[in-house]
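Below is one structure, written out as structure tokens; the observations come after it.
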Amino acid sequence: MKRTLTAIGFICVLIAAWHWVAEAKIWSPVLVPAPASVALYLWEVLQDGSLWSSTIVTMKRLLAGYFIGLAAGIPLGFLTARVQAMRDTLGVVALGLQGLPSVCWVPLALLWFGQTEGAMLFVVVMGTLWSVILATETGVRNVNPIYIRAAHTMGSHGLHTWVWVMLPASLPFIVSGMKQGWAFAWRSLMAAEIYVTILTGFGLGHLLHYGRELNAMEQVVGIMLVVICIGLAADKLLFSPWEKLLHRRWGTEK
Amino acid sequence: MSNPAEFTDLPPTHLAIDQVTQWFETGHGRVQALDRVSLQVASGEFVCLLGPSGCGKSTLLNLIAGLEMPSAGTLMAGGQPIRAPSRERMMMFQESALFPWLDVLSNVMFGLKHKPGLTSAERREVAEYYLKLVGLEKFMYAYIHELSGGMKQRVALARALAPNPRVLLMDEPFAALDALTREQLYGDLQRIWLQRKVTIVFVTHNVREAACLGDRVLLFSSHPGRIREEFQIKLPRPRDINSVPLAAYATDIMSALKGHLSQEEAGT
């Protein structure tokens with residue numbers, strides 16, 4: 001509770017400083033809009049529903065691509081860790097592609113899929129997949145072999161050992177891979193939405209883009225704040241519970 | 001108890017190990033871990049394998065567990081050849097090998113998951129019975145990292161006993177514990193063994209520990225691993241590791257061990 005209050009207090013100080021800078025009129029209000037005008041913009045788009053619908057469009061794209069990336073990446077990571085032939089093929093490819101900034105997939109996706117939802121989905125999946133594969137592989141390869149031997153003597157083998165021993169044992173790595181995959185997917189989707197207009201749905205990236213076109217700084221800053229808040233919420237809702245669980249069970253919390 | 005089959009002792013199993021040789025491939029070529037080792041363990045016997053580190057005694061234990069297959073020779077348990085791991089032969093390791101993602105109770109229940117003919121209530125009952133046996137029923141819902149080293153090995157013992165094995169294989173299970181905790185566990189292990197009469201093969205490099213626990217102590221030498229000598233420990237149980245007659249046995253064994261070590265260094 002005290003820590004939450006500290007965080008809220010700090011954010012209030014930041015807003016106050018921003019307000020003061022805007023009031024001082026050192027820069028034109030076109031470049032530095034006051035917090036009140038940003039809040040007014042956000043209130044308006046909340047009222048007319050456009051913020052909500054854009055957020056839904058963006059989150060649908062993000063979650064669909066992210067979960068496809070996870071569903072494919074975790075099993076592929078397992079195979080990469082356990083099968084030599086997979087490590088020498090997919091493992092190498094994953095390592096290479098993970099280093100590719102995921103926004104680099106956008107031109108390719110547009111040529112392949114045109115200006116469609118398919119292109120967006122493809123970019124998000126590519127952002128997620130490789131880091132999930134690599135993190136899962138690292139996790140599985142770091143499983144203490146003694147767990148597997150103990151499980152074998154207790155009558156566990158084959159798929160049972162994979163699901164009930166190797167998967168939970170590598171969770172600390174998998175969760176950090178999921179986090180990284182999320183971050184990459186989120187960044188690449190925003191880049192794609194700013195870069196490309198897709199008529200089947202206007203996401204948050206489009207609002208940012210049109211803010212720039214219209215010289216509407218309060219819109220640009222307002223949407224940036226929304227993007228930040230979604231990132232924070234994802235961390236608190238999607239990852240924090242997992243991390244807390246891991247810390248509690250593994251005893252890694254200070 | 002409502003489920004007597006799980007708690008009555010099945011007859012313990014005897015082990016017959018005949019001319020077992022084991023080679024390993026390493027980065028530096030082939031290494032012979034065991035050289036024609038033969039050994040009979042009677043049903044319900046407590047045998048200690050004693051020797052310096054790297055003498056192949058853990059390898060022998062893995063072979064009995066069925067975790068590895070021998071390069072040559074045969075291993076039989078209860079008249080049946082050993083081909084794969086089995087709940088009839090449970091293993092305990094120096095590290096507890098408990099699963100940190102499960103609580104104590106679920107760890108003990110892990111080996112019961114696949115036991116046919118048990119309801120989940122019965123599995124739980126069995127697990128609680130063994131936690132009580134090792135004195136940890138109050139820690140059922142604790143996580144592994146919350147336990148001390150000695151408590152972890154007690155849980156590991158309960159987990160190994162829960163599937164009602166006929167052979168218990170113990171690979172230096174107390175080596176990482178402090179002396180005081182170790183002494184308590186010697187007492188506990190002897191008490192449980194007298195009660196359950198399971199066949200135990202116990203690997204150690206601690207001479208006193210071997211003399212305290214074993215009916216028989218087999219002395220291993222290394223490079224390659226061979227059985228050099230055998231000692232019968234004819235002391236009443238439960239034994240106290242600090243007793244004078246036990247110290248006399250330990251002195252005998254220690255001088256034999258040193259003799260073999262100096263022979264090895266001389267290259268014979």
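Coordinate-derived values only; no laboratory data. Here the structure is a predicted model, which is why all the values come from computation and not from measurement. All Cβ positions, even for glycine, are placed from backbone atoms using ideal geometry, and neighbour counts span all protein chains on display.
Some observations on this one:
- Charge tally in the Cβ shell below 9 Å around B:LEU257, where Lys, Arg are +1 and Asp, Glu are -1, B:LEU257 excluded: +1
- Gyration tensor verdict on chain A (Cα atoms; rounded if a/c is under 1.5, prolate if a/b is larger than b/c, oblate otherwise): oblate
- Helix-only mean residue ellipticity at 222 nm for chain B, each DSSP H run of n ≥ 4 adding -39500 (n - 2.57), per residue, nearest 500: -11000 deg cm²/dmol
- Neighbouring partner chain Cβ atoms per residue of B:50-62, average, 10 Å criterion: 0
- When the Gaussian network model of chain B links Cα atoms closer than 10 Å, the mean-square fluctuations of B:GLY54, B:GLY225, B:GLY44 top out at B:GLY54.
- Share, in percent, of DSSP beta bridges within chain B that are antiparallel, nearest 5: 55 percent
- Counting only Cβ charges, +1 for Lys and Arg and -1 for Asp and Glu, the dipole size of region B:97-164 around its Cα centre is about 140 debye.
- When each of B:ARG182, A:ARG87, A:ARG212 is scored by the number of other beta-carbon atoms lying within 10 Å, the sequence from fewest to most is A:ARG212, A:ARG87, B:ARG182.
- Mean separation of Cα pairs under 8 Å and 6 or more residues apart, divided by the residue count, gives region B:83-145 a relative contact order of 45 percent.
- Prolate/oblate/rounded label for region B:59-128 (Cα gyration tensor, a/c 1.5): oblate
- Under-5 Å amide H pairs with B:TRP23, H placed in peptide plane, nonlocal only: B:ALA33, B:SER71
- Net charge of Cβ neighbours under 14 Å - reference B:LEU49; Lys, Arg +1; Asp, Glu -1: -3
- Sequence-ordered 3J(HN,Hα) estimates for region B:75-89 from the Karplus curve with 6.51, -1.76 and 1.60 and θ = phi - 60° stand at 10, 10, 10, x, x, 10, x, 8, 10, 7, x, 8, 5, 5, 10 Hz, glycine and proline given as x.
- Burial ordering of A:ASP88, B:ASP240, fewest other beta-carbon atoms within 10 Å first: A:ASP88, B:ASP240
- Sparsely packed chymotrypsin sites (Phe, Trp or Tyr not before Pro) within region B:120-228, loop by DSSP, other Cβ within 10 Å at most 16: B:TYR141
- Here the Karplus relation 6.51 cos²θ - 1.76 cosθ + 1.60, evaluated at θ = phi - 60°, turns the backbone of region A:20-26 into coupling constants of 5, 5, 5, 4, 5, 6, 5 Hz, with x for every Gly and Pro.
- Note that region B:191-208 has calculated 3J(HN,Hα) couplings of 4, 5, 5, 4, 6, 9, 6, 8, 6, 10, 10, 10, 9, 7, 10, 9, 4, 5 Hz, one per residue in order, obtained from phi through the Karplus relation 6.51 cos²θ - 1.76 cosθ + 1.60 (θ = phi - 60°); glycine and proline are x.
- For B:LYS115, nonlocal amide neighbours, meaning residues 5 or more places apart or on other chains whose placed amide H falls under 5 Å from its own, do not occur.
- Bridging of A:LYS60 to lysines at a Cα separation below 20 Å is possible for A:LYS179, A:LYS236, once same-chain residues fewer than 8 apart are set aside.
- The local environment of A:TYR66, defined by Cβ-Cβ distances under 13 Å, has a net charge of +4 under the rule Lys, Arg +1 and Asp, Glu -1.
- Neighbour-count ranking [beta-carbon atoms within 10 angstrom, fewest first] of B:SER221, A:SER53: A:SER53, B:SER221
- In chain A, helical runs assigned H by DSSP with n ≥ 4 each contribute -39500 (n - 2.57); averaged across all residues and rounded to the nearest 500, the mean residue ellipticity at 222 nm is -24000 deg cm²/dmol.
- With contacts taken as Cα pairs under 8 Å at a separation of at least 6 residues, region B:202-248 carries a relative contact order of 34 percent.
- Among B:HIS14, B:CYS48, A:ILE56 the positive-end extreme of the charge dipole of the protein assembly as shown (Cβ point charges): B:HIS14
- Separation between Cα centres of region A:72-131 and region B:106-131, rounded to whole Å: 43 Å
- With contacts taken as Cα pairs under 8 Å and at least 6 residues apart, chain B reaches a relative contact order of 26 percent.
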